[in-house]
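The values are calculated or read from the model by the stated rules, or taken from the named source; none is laboratory data. These numbers come from a predicted model, not from an experiment. Here the Cβ positions follow ideal geometry from the backbone for every residue, glycine too, while neighbour counts run over all protein chains shown.
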Amino acid sequence: MEQRKTRIISITNQKGGVGKTTTAINLAYGLALLNITTLLIDLDPQANASLTFLDIHREVCNIYDVLLDSKIQMKDVIHSTASDTLFLIPSRISLAKLESKLIGEIDAYYRLKEKIKEIKDGYDYIIIDTPPALGLLTVNALVASDYILIPVQASYFALEGTDDLLETIEKVKALANPSLNIIGILITLFDKRTTLSKDIYKQLKNVFGSLVFQSKISKSIRLEESPAYKESIFTFAPKSSGAEEYMQLAKEVLKRV
Ligand SMILES: Nc1ncnc2c1ncn2[C@@H]1O[C@H](COP(=O)(O)OP(=O)(O)O)[C@@H](O)[C@H]1O
Ligand SMILES: [Mg+2]
């Protein structure tokens, strides 16, 4: 049998509130809708992506257990979802303790990469949601990934902090993962009625050129509400602009890899 080429994409920006989790959830679900077997790994201790697909009031095995305990295998923490083609490795608030637990471990930055090897052949795409920091968890994601997708909020300080992120990407490339590439910059919370949004988009195009996705994610009430109902935009409001835009993004991602 021909071996599957799995693509691993981290959704990363150290700023909070820029649409990382919303993008991870809906990109993963969009790919799954296109019949692509997709695994969503929630690497954010806030576990919002996990809550969308799982009831985690139950104590479930999660990414923290597997990164900390070499005896626990990835296959033990993969959960199925309501979609046949979407699978989830959930997070939990305890993940925030990982950094202190792994101090002094030589392989601290490589744990996720090593663990993903166990299961990656089972999936076409692996999407990783990362926390709003450039710490150990995010670096684990970048070391394990082929691509990074950077959501940028259409707001006044949109590009602030990008330098730190690009520097971290360069460090990871130089030291641990030379094949890491930016798959694209995604403008989020875009409001086409404001000149500010348009200006930010132009500014992004000037800095990043064709790396900026053609797909834009508009600011929308539906997208804002969907997490409260623990749903992706595709199940919550399938006819909304948000669903259309995230489907467009999924197709653009497929074209770019
Ligand atoms: N396109 C959008 N329109 C309106 N609200 C959005 C949109 N994208 C995200 N949000 C809301 O903004 C907040 C932050 O989004 P989130 O995806 O959690 O960002 P991050 O993971 O980067 O912190 C959430 O409350 C989310 O529901
Ligand atoms: Mg988030």
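See the values below:
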{"read-out": "Number of the condition not met by Leu186 [criteria: (1) surrounded by fewer than 14 Cβ atoms within 10 Å (Cβ to Cβ); (2) within 16 Å of ligand 2 (Cβ to nearest atom); (3) not β-branched (Val, Ile, Thr)]", "value": "(1)"}
{"read-out": "Residue list for the range 140-164, filter: assigned to a helix (DSSP H, G or I), within 16 Å of ligand 1 (Cβ to nearest atom) and at pLDDT below 95", "value": "Thr162, Asp164"}
{"read-out": "Positions within the range 1-13 being modelled with pLDDT of 95 or more, surrounded by fewer than 23 Cβ atoms within 10 Å (Cβ to Cβ) and in a loop (DSSP other than H, G, I, E, B), in sequence order", "value": "Thr6"}
{"read-out": "Filter pass, Glu252 being surrounded by fewer than 21 Cβ atoms within 10 Å (Cβ to Cβ), more than 9 Å from ligand 1 (Cβ to nearest atom) and either under 14 Å from Pro151 (Cα atoms) or within 19 Å of the chain's Cα centre (by Cα) (or both)", "value": "yes"}
{"read-out": "Filtered residue count, the range 206-223, keeping only those that are within 16 Å of ligand 2 (Cβ to nearest atom) and either farther than 13 Å from Ala243 by Cβ or not in a helix (DSSP H, G or I) (or both)", "value": "1"}
{"read-out": "Residue tally, condition out of contact with any Leu (no Cβ under 9 Å at 6 or more places or on another chain) and of a type outside the set (Phe, Trp, Tyr), over the range 129-160", "value": "5"}
{"read-out": "Filter pass, Gln203 being at negative phi, among the polar types (S, T, N, Q) and modelled with pLDDT under 95", "value": "yes"}
{"read-out": "Selection from the range 102-136 of residues that are within 16 Å of ligand 2 (Cβ to nearest atom) and surrounded by fewer than 19 Cβ atoms within 10 Å (Cβ to Cβ)", "value": "Pro132, Ala133, Gly135"}
{"read-out": "Residue among Phe87, Phe53 that alone is among the aromatic types (Phe, Trp, Tyr) and within 16 Å of ligand 2 (Cβ to nearest atom)", "value": "Phe53"}
{"read-out": "Tally, over the range 102-121, of residues that are free of Cβ contacts under 8 Å to residues at least 24 places away in the same chain and either in a strand (DSSP E or B) or of a type in the set (Asp, Glu) (or both)", "value": "3"}
{"read-out": "Condition met for Ser91 (under 17 Å from the mean Cα position of the chain (by Cα), hydroxyl-bearing (Ser, Thr, Tyr) and within 26 Å of Ile36 (Cβ to Cβ))", "value": "yes"}
{"read-out": "Pairs where the first residue, in the range 4-17, is under 12 Å from Ile126 (Cβ atoms) and the second is within 16 Å of ligand 2 (Cβ to nearest atom) and assigned to a loop (DSSP other than H, G, I, E, B), C-beta under 9 Å, 6+ apart", "value": "Ser10/Leu43; Ser10/Thr130; Ile11/Gly19; Ile11/Thr130"}
{"read-out": "Every pair of residues 6+ apart whose Cβ atoms lie under 8 Å, when the first sits in the range 39-50 and is within 16 Å of Lys230 (Cα to Cα) and free of Cβ contacts under 8 Å to residues at least 40 places away in the same chain while the second is in a loop (DSSP other than H, G, I, E, B) and within 13 Å of ligand 1 (Cβ to nearest atom)", "value": "none"}
{"read-out": "Unmet requirement for Asn177, which otherwise passes all of (1) in contact with a strand residue (DSSP E or B) (Cβ under 8 Å, 6 or more places away or on another chain); (2) part of a loop (DSSP other than H, G, I, E, B); (3) modelled with pLDDT of 95 or more; (4) not basic (Lys, Arg)", "value": "(1)"}
